[in-house]
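The values are calculated or read from the model by the stated rules, or taken from the named source; none is laboratory data. These numbers come from a predicted model, not from an experiment. Using ideal geometry, Cβ is built from the backbone for each residue, glycine included, and neighbour counts are taken over all protein chains shown.
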Amino acid sequence: MKINVLLEMSNILIGSSNVYRHYKVNLISGAKQYLMVKCTQSEVFNATMASLGEKDKFVLISIIKNFISDAVGSTSEKPEPL
């Protein structure tokens with residue numbers, strides 16, 4: 001169902017849980033409204049991007065940090081302080 005709605009929108013915001021949690025368009029009068037898509041993994045991102053249509057002209061992506069964190073994984077060591 002959400003994908004059908006997604007195809008009808010022209011403004012889409014793809015964001016992490018932090019963006020999703022704080023995005024409150026109704027608090028700012030006159031702001032461009034975006035359909036918020038919560039996304040933290042590349043599979044969801046790829047599915048969302050594949051479902052975009054010709055009407056989807058404005059797509060904001062705010063999840064790059066999540067992809068980098070996933071690629072590094074939790075086994076990486078913290079750098080030593082300088």
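Worth pointing out:
- Whenever a residue of segment 52-68 is in contact (Cβ under 8 Å) with a residue 40 or more places away in the chain and farther than 15 Å from Asn18 by Cβ, its partners that are outside any loop (DSSP other than H, G, I, E, B) and among the charged types (D, E, K, R), lying with C-beta atoms within less than 9 angstrom and at least six residues away or across chains, give the pairs Gly53/Glu8; Lys55/Glu8.
- Taking segment 29-53 as the range and being at pLDDT below 85 and over 12 Å from Ile12 (Cβ atoms) as the test, the residues that pass are Ser29, Gly30, Ala31, Thr40, Gln41, Ser42.
- In segment 47-58, the residues that are assigned to a loop (DSSP other than H, G, I, E, B) and hydroxyl-bearing (Ser, Thr, Tyr): Ser51
- Within segment 9-46, being farther than 29 Å from Ala71 by Cβ and part of a helix (DSSP H, G or I) holds for Val25, Asn26, Leu27.
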